[in-house]
Structures are given as C-alpha cells and as structure tokens.
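Novice: Before we start, here is the structure in question, set down as structure tokens.
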Amino acid sequence: QLQLQESGPGLVKPSETLSLTCTVSGGSISSSNNYWGWIRQSPGKGLEWFGSIYYTGSTYYNPSLKSRVTMSVDTSKNQFSLKLTSVTAADTAVYYCASRRRDGSSDYWGQGTLVTVSS
Amino acid sequence: DIQMTQSPSSLSASVGDRVTITCRASQSIGNFLNWYQQKPGKAPKLLIYVVSSLQSGVPSRFSGSASGTEFTLTISSLQPEDFATYYCQQSYSTPSTFGQGTKLEIK
C-alpha cells in the first residue's frame, strides 16, 4: 500500500517561491502504472489540480498555473517536488500530493500540508 | 477548462436514507468521471472511478452511473460514517477539474 507524505515550509512570504516535496513509500515512484500529482484546496477555489509528473520527468501542468509551476522527480529518493513562484495570499491553501492512475483518478493521497502566504 | 457542476451543494439526510448526488460536465468527458469523499481535516478518498468502478475497500452501498454529461453518485442506505463532503472530478482533459462539492449532513 502506497503512502505519501508532503514536507516543506508552512509559511512563505509574498513574491517568494513555495517549495514542497512528496515522499512516496510502500512502492516505487518509477512504477509504470502511476503519475504523481499535486492538488490544492482553499476555501475560495475548492480543489484545484496543479499537474502531474511521470517518473521519466514528463509533466502535465494546469495551464492557468503553468507560468509559475515546476514539478520534478527524484527516483533515487522516491520523491517528487513542486515549486510555485511569485506566491500571493491567494496561494494560501492545503497542498496535497497524490498518485494518479492512467484513468486520471487519484487513489493515494498525502495527508496534506497547510501553506500560508504572509509577510 | 471543463466545468463540473454538482447539485445539491448541501443535503440533509438520515441514516438509512437513499441519497443521490449529481454532477454535470460542461462538455463531453466520456467515462472519465471520478467521485471522492472528504471528511474534515482529511484528504479526499477515492470512492468510484471511471463512472461506476468501485475502488477497492469501498462499501457496495456506493454506486455511480452516467447519462450523457450527467453523472450520479448514489448511496443506497446511508451509514453514520458517510456524512462528509463529496466531490466529482473529470480526468478527461487537462486541466483535470473538480466539482464544488456536496456536503452531506445528518438530518
């Protein structure tokens, strides 16, 4: 059974870069069956899909965020990461990492991490 | 982006009731429709994928169906642990998008 765990700062200053890492255990991030993704949840915008990355590094980003988002994968550490640049208060949310199957459903999720953007 | 519209936004029901939640897509999404359950402070949990396939470990009282661009989640007999918020998600095209949620409360 896969387990995912987000890590990273809980407080980021406006205009800076939000960086989060998701550590996968109980399975290999190099599995051909899964993509790996990030979703956030804020009261104002509900659930918002950021994008997905395959273990080869191939990415699919939400076009509305594409200019600010970078995802990467480190197969040696069984981790994948999210960077979101030029953050504002609107980026305050709970950030989840999740596995994403080929049909697009997400069967395993991290517990979520609250990131607050504030000076 | 494909818009997913859930109805109702909230619903009060009693243990044992049959409940139906609807999700309408703004355009055709084939069968790429998934349902999640979320409880306060927890991550969403996958219930049903590709319209009607039950995720492993999910009770059979949950079921899904579709008619064109309208999708339905049915809970046949509500149990106390089912009171939560439910979300639909389309995974047909990028970006994947979610409905705004349906909060199921105890009557």
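The values are calculated or read from the model by the stated rules, or taken from the named source; none is laboratory data. Everything quoted here is computed from the prediction, not taken from an experiment. For neighbour counting, all protein chains shown are included, and Cβ atoms are generated from backbone atoms with ideal geometry for every residue, glycine included.
Novice: Let me confirm something: among A:Ile39, A:Ile29, A:Ile53, which residue is in contact with a strand residue (DSSP E or B) (Cβ under 7 Å, 6 or more places away or on another chain) and either more than 30 Å from B:Gln6 (Cα to Cα) or more than 14 Å from every other protein chain (Cβ to nearest Cβ) (or both)?
Specialist: A:Ile29
Novice: Still on this structure, please answer the following. Restricting attention to region A:97-106, and to residues there that are surrounded by fewer than 23 Cβ atoms within 10 Å (Cβ to Cβ) and in contact (Cβ under 8 Å) with a residue 12 or more places away in the chain, which single residue is farthest from the other protein chains (Cβ to nearest Cβ)?
Specialist: This residue is A:Arg102.
Novice: Starting from region A:34-61, keep only residues that are more than 15 Å from B:Pro95 (Cβ to Cβ), then list their pairs with residues that are hydroxyl-bearing (Ser, Thr, Tyr) whose Cβ atoms are within a distance under 6 Å, requiring at least 6 positions of separation or different chains.
Specialist: As it stands, the answer is A:Asn34/A:Ser99; A:Tyr54/A:Tyr35; A:Tyr55/A:Ser30; A:Tyr55/A:Thr75, since those pairs meet every condition given.
Novice: Count, please, the residues in region B:40-77 that happen to be more than 10 Å from the chain's Cα centre (by Cα), within 12 Å of another protein chain (Cβ to nearest Cβ), in a loop (DSSP other than H, G, I, E, B) and not polar (S, T, N, Q).
Specialist: Residues in region B:40-77 being more than 10 Å from the chain's Cα centre (by Cα), within 12 Å of another protein chain (Cβ to nearest Cβ), in a loop (DSSP other than H, G, I, E, B) and not polar (S, T, N, Q): 8 in total.
Novice: Look at A:Ile53 and say whether it is closer than 14 Å to A:Gly112 by Cβ, within 10 Å of the chain's Cα centre (by Cα), aliphatic (A, V, I, L, M) and modelled with pLDDT of 95 or more.
Specialist: no
Novice: Now for a separate question. Kindly indicate which of A:Val94, A:Val69, A:Val115 is away from every other protein chain (no Cβ under 12 Å) and either free of Cβ contacts under 8 Å to residues at least 60 places away in the same chain or on the phi < 0 side of the Ramachandran plot (or both).
Specialist: A:Val115
Novice: Here is a further query. Residue check: is A:Ser64 modelled with pLDDT under 95, closer than 20 Å to A:Val117 by Cβ and surrounded by fewer than 18 Cβ atoms within 10 Å (Cβ to Cβ)?
Specialist: Details: modelled with pLDDT under 95: yes; closer than 20 Å to A:Val117 by Cβ: yes; surrounded by fewer than 18 Cβ atoms within 10 Å (Cβ to Cβ): yes.
Yes.
Novice: If we keep just the residues of region B:6-29 that are under 20 Å from B:Tyr49 (Cβ atoms) and among the hydroxyl-bearing types (Ser, Thr, Tyr), which is surrounded by the fewest Cβ atoms within 10 Å (Cβ to Cβ)?
Specialist: The extreme case among them is B:Ser28.
Novice: Related question: Please work out if B:Glu81 is touching a residue at least 12 places away in the same chain (Cβ under 8 Å) and acidic (Asp, Glu). Working first, answer last.
Specialist: Values: touching a residue at least 12 places away in the same chain (Cβ under 8 Å): no; acidic (Asp, Glu): yes.
So B:Glu81 fails the test.
Novice: Still on this structure, please answer the following. Which members of region A:67-92 meet the condition of being surrounded by fewer than 18 Cβ atoms within 10 Å (Cβ to Cβ), assigned to a strand (DSSP E or B) and small (Gly, Ala, Ser)?
Specialist: Once the filter is applied, which keeps residues that are surrounded by fewer than 18 Cβ atoms within 10 Å (Cβ to Cβ), assigned to a strand (DSSP E or B) and small (Gly, Ala, Ser), region A:67-92 yields only A:Ser72.
Novice: Tally the residues that are in contact (Cβ under 8 Å) with a residue 40 or more places away in the chain and surrounded by fewer than 16 Cβ atoms within 10 Å (Cβ to Cβ), restricting the search to region A:9-33.
Specialist: Final tally of qualifying residues: 12.
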